[in-house]
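Peer 1: Pasting a structure here, questions to come.
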Amino acid sequence: MYKWFEALGGNEDIVIASGVRLSRNLEKYPFSKKISDSDAIHMVEEVLKEFETYADEEFGYIECNLGELSEIEKFAMVERQILSKEIAVKKQCSGLVMSEDESTSILINEEDHLKIQALAGGANMQKAYEKANEVDDYASESLEMAFSEKYGYLTSSPSNVGTGLRASYLMFLPALGGANKINRLSEEVMKYGVGLKAVYGDGAEGVGHIYELYNEKTLGSTEPELLENLRGIMEQVAAQERKRREYLLANNYDEIEDQVFRSYGVLKYAKQMNSKDAMTLLSQIKFGADVGIIQFEKPLNIYKMIMEVQPYSLQCRSGKYVGSKVRDKLRAQYLGANLSEVIN
Amino acid sequence: MLCEKCKKRQATIYYTEIVDGKKYEKHLCEKCALEYADFVYEAEDGSDNALLEGLLSSILGSYYKSSQPVKKEGREAVIQCERCGMTYDAFLQGGKFGCANCYSSFGKQLEKSFRQIHGATSHVGKRPKGFVSQTDRIIKDLSEVDRLSIRLQDAIEKEEFETAAALRDQIRALKAKEESQNV
Ligand SMILES: [Zn+2]
Ligand SMILES: [Zn+2]
């Protein structure tokens, strides 16, 4: 079974993926801040039981109590954006329902009782929203959700109240990021109730030039309005990235071409590689491939590779806990074996 | 500059609102502004919502029991959620609600923070399937004029001024008809 990010959609040059998260709470239990350990166990059991039939009907749903997973498995899921760090280290009972391709998941007893997540490859927000909405409708058929006429869906944090909807585009912005434009851009989009932040690494620019563009407001607009507003901003950011790419290529083609092929050489033939270097170099060859400087025998899914060279994901595949020296070798081996041959 | 609403006449009046600490201006022509002003500019403190809430509660006021004890002594009362024990101060510090009931316990205090975070205080999106609101139930028992008045408030809140104007005319016509019948 392929993971969702292995299925190539459209628009991958700039929009890697679209995701929707719906925060919901059950009326009858206190929120995570105040829920007792025994209530947490009951709540997780109740929700898991509710989704048993769903898991049966919808092919390939996996259910578990997060206590059954190892540290490495949990942190690999954090790297793949399924779990939050918060729930991975949580001592209290928590649960997970997930489709086999990992595109749809429900976290139970995180910040809110239910965190319904749906992901789709490329700029495909509608697909992600419809899936999350379907899961929400299924859940609310028998579970009474905390909802008020005035404030909408009631959440732990006032920043999610109302729709409980957080939609986000995962965007690849190497030209804007390389020109240190992200800070200004994030101030700009903030005026429209939209946030922009780096997914990997610290600081505004981050590592690998992968960013998340998301709605900050959840109250006072309908779901379609929120999605439409975000889509408009996404298109403007994408247009700016395209413009910047054209500018770079027109002015620095030779340097960029040289850099892209050097990066490929290091990725393909190095014997040790830390994750930061791997992400930076992968980001450079993705840019090269997107603008046609470098062509591969087989289409390259760089985002998949970025996920798979993360520390816990590497260890998860190797099946054991290893130190960083061994990981750097495993990472170099993985890249050497998985980077396609160049044909131009 | 042309009026933002009708996009035909010259804009002569602007209406400002603060969302997320940022000021937004709406430029309107006199005619459109009048429709707007009929509802909006009567507010004494310049805040449109204070007026809307006032109107809505005067319409619905007799149907709702006052949910909060009004404490108007000089001292500050400790506001606490009866169900989960979360105090308003603890909420402000931790930034998290303790349970669904906290929202009604902290009541009016929340509107300010919601306005700061979201630039809005009311939900207009999805509802759980089969959710019947208290308002829906109340509206069922209302007279035609009251029902139209509520729809009018709703239209104003959503800034659907043409709908609002049409509803206002309908209400006036109905009232005129009632009066002539009473004579
Ligand atoms: Zn006008
Ligand atoms: Zn409470």
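The values are calculated or read from the model by the stated rules, or taken from the named source; none is laboratory data. It should be emphasised that the depicted structure is a prediction, and the values quoted were computed from it without experimental measurement. Cβ sites come from the backbone with ideal geometry, for glycine too, and all protein chains shown count toward neighbours. Only protein heavy atoms, including side chains, enter the accessible area calculation; ligands, DNA and RNA are left aside. Shrake-Rupley method; radii C 1.70, N 1.55, O 1.52, S 1.80 Å.
Peer 1: Compute the label zone of residue A:39 within region A:141-157: residues whose backbone N is under 20 Å from the point 7 Å along Cα-to-Cβ.
Peer 2: Once the point is set 7 Å along Cα→Cβ of residue A:39, A:143-148, A:153-157 turn out to lie under 20 Å by backbone N, inside region A:141-157.
Peer 1: A further question follows. Could you work out Rg/(2.2 N^0.38 Å) for region A:167-207, with Rg from alpha carbons only?
Peer 2: My calculation over the Cα atoms of region A:167-207 gives 1.09.
Peer 1: After finding the eigenvalues of the alpha carbon gyration tensor for region A:155-244, what semi-axes result from the square roots of 5 times each, listed largest first in whole Å?
Peer 2: Ellipsoid half-lengths, sorted descending, are 24, 14, 10 Å.
Peer 1: Distance check, please: which entries in A:28/A:49; A:181/B:126; A:33/A:131 exceed 25 angstrom between their Cα atoms?
Peer 2: A:181/B:126; A:33/A:131
Peer 1: Assuming 0.36 nm per residue, please report the length gained on full extension of the stretch residue B:8 to residue B:132 beyond their Cα-Cα distance.
Peer 2: 40.5 nm
Peer 1: What is the log10 of I(q)/I(0) for region B:117-183, computed with the Debye formula using one identical point scatterer on each Cα and no solvent, at q = 0.15, 0.25, 0.26, 0.27 Å⁻¹?
Peer 2: Relative scattering, expressed as log10 I(q)/I(0), comes to -0.64, -1.14, -1.17, -1.18.
Peer 1: Given that compact globular proteins tend to follow 2.2 N^0.38 Å, what is the ratio of the alpha-carbon Rg of region A:58-109 to that value?
Peer 2: Dividing the Cα Rg of region A:58-109 by 2.2 N^0.38 Å gives 1.04.
Peer 1: Given region A:74-201, report the % of alpha carbon pairs whose separation exceeds 26 Å.
Peer 2: So the pairs more than 26 Å apart make up 31 percent of the total in region A:74-201.
Peer 1: For peptide A:141-153, compute the average count of partner chain beta-carbon atoms within 10 Å of each residue's beta-carbon.
Peer 2: Mean partner-chain Cβ count within 10 Å for A:141-153: 5.
Peer 1: Quick check on chain A: helices-only [θ] at 222 nm, where DSSP H runs of length 4 and up contribute -39,500 (n - 2.57) each and the sum goes over total residues. Nearest 500, please.
Peer 2: Rounded to the nearest 500, the figure is -15000 deg cm²/dmol.
Peer 1: Return the distance in nm (one decimal) between the two label points of a simple spin-label model at residue A:141 and residue B:109, each offset 7 Å from Cα along Cα→Cβ.
Peer 2: 4.1 nm
Peer 1: Report the FRET efficiency, 1/(1 + (r/R0)^6), for residue A:257 and residue A:183, where r is their Cβ-Cβ distance and R0 is 25 Å, rounded to 0.05.
Peer 2: Efficiency, from the Cβ-Cβ distance: 0.30.
Peer 1: Here's another thing I want to ask about it. Suppose R0 equals 22 Å; then what is the FRET efficiency for residue A:149 and residue B:92 from their Cβ-Cβ distance, rounded to the nearest 0.05?
Peer 2: 0.35
Peer 1: Please report the Cα spread of region A:253-338 along all three principal axes, rounded to whole Å, starting with the longest.
Peer 2: Reported extents, whole Å, longest axis first: 43, 20, 18.
Peer 1: Expressed in nm², what is the orientationally averaged projection area of the convex hull enclosing the Cα positions of region A:4-241?
Peer 2: 12.7 nm²
Peer 1: Post the alpha-carbon centroid distance, region A:140-157 to region A:318-344, in whole angstrom.
Peer 2: 46 Å
Peer 1: Continuing with this model, one more query. Just how far, in whole angstrom, is region A:34-90 from region A:112-129 if you go by their alpha carbon centroids?
Peer 2: 17 Å
Peer 1: Return the lysines within reach of residue A:268: Cα separation strictly under 27 angstrom, same-chain partners fewer than 8 residues apart disregarded; answer none if there are no such residues.
Peer 2: A:3, A:276, A:286, A:298, A:304, A:320, A:325, A:329
Peer 1: Quick check: the distance between the Cα centres of region A:213-246 and region A:262-309, to the nearest angstrom?
Peer 2: Region A:213-246 and region A:262-309 have Cα centres spaced 28 Å from each other.
Peer 1: For the pair residue A:27 and residue A:69, what calculated FRET efficiency results from E = 1/(1 + (r/R0)^6), where r is the Cβ-Cβ distance and R0 = 35 Å, to the nearest 0.05?
Peer 2: For residue A:69 and residue A:27, the calculated efficiency is 0.75.
Peer 1: Could you do me a favour and compute the accessible area per residue for chain A, 1.4 Å probe, result in Å²?
Peer 2: Per-residue accessible area for chain A comes out at 44 Å².
Peer 1: If you don't mind, another one. Quantify, in whole percent, the carbon and sulfur part of the accessible surface of chain A (1.4 Å probe; protein heavy atoms only).
Peer 2: Accessible surface attributable to carbon and sulfur in chain A totals 47 percent.
Peer 1: Per 0.36 nm of contour for each residue apart, how much would the distance between residue B:180 and residue B:163 grow if the chain were fully extended, relative to their Cα-Cα spacing?
Peer 2: 3.5 nm
Peer 1: Between residue A:240 and residue A:297, what is the label-point separation in nm under the 7 Å Cα-to-beta-carbon projection?
Peer 2: Each label point is offset 7 Å from its Cα along the Cβ direction, giving 4.0 nm.
Peer 1: Give me the number: length gained by fully extending residue A:321 to residue A:341, i.e. 0.36 nm times residue separation minus the C-alpha to C-alpha distance, one decimal in nm.
Peer 2: Gain in length upon complete extension: 4.1 nm.
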